[in-house]
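Input: a single structure, listed below in structure tokens.
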Amino acid sequence: MFLLHLHACDNVACLPVTVEHAATIRFEEDKWIARPALGLGHKIAVRRIEKSEKIIKFGAPIGSATETIDPGAHVHLHNMKSDYLRAFTLREGDGYGK
């Protein structure tokens with residue numbers, strides 16, 4: 001399985017399909033084993049990402065690492081955080097979701 005990597009600055013790449021546990025994932029000369037199974041679009045670190053470093057996907061920052069992330073590791077909510085605030089919050093009585 002190869003990864004989708006669109007921009008030279010990206011430190012993550014995306015899975016173009018769902019992969020089973022223990023599937024081989026390839027990026028350039030590297031290959032890693034998926035643990036656990038991962039869904040379409042999930043991110044894989046393509047190089048070491050230091051704690052607090054920006055996560056760059058498709059040439060744009062999407063968050064920051066909350067811990068050091070090794071190459072080949074799954075990058076998701078367990079090891080990154082969004083750097084963006086919600087545009088709004090829903091409150092009871094706002095009339096949304098009815």
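The values are calculated or read from the model by the stated rules, or taken from the named source; none is laboratory data. These figures come from a predicted structure and were not determined experimentally. Reconstructed Cβ throughout: ideal geometry from the backbone, glycine too, with neighbour counts over all protein chains shown.
Table for the structure above
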| quantity | calculated |
| --- | --- |
| Pairs with Cβ under 9 Å, 6+ apart, first in the range 68-93 and part of a loop (DSSP other than H, G, I, E, B) and modelled with pLDDT under 90, second surrounded by 14 or more Cβ atoms within 10 Å (Cβ to Cβ) and among the basic types (Lys, Arg) | 83/54 |
| Pick from the range 24-55, criterion among the aliphatic types (A, V, I, L, M) and assigned to a loop (DSSP other than H, G, I, E, B), ranking: nearest to residue 5 (Cα to Cα) | 46 |
| Pair list, Cβ < 8 Å and 6+ apart or interchain, from the range 6-25 residues that are over 25 Å from residue 53 (Cα atoms) to residues that are among the aromatic types (Phe, Trp, Tyr) | 24/32 |
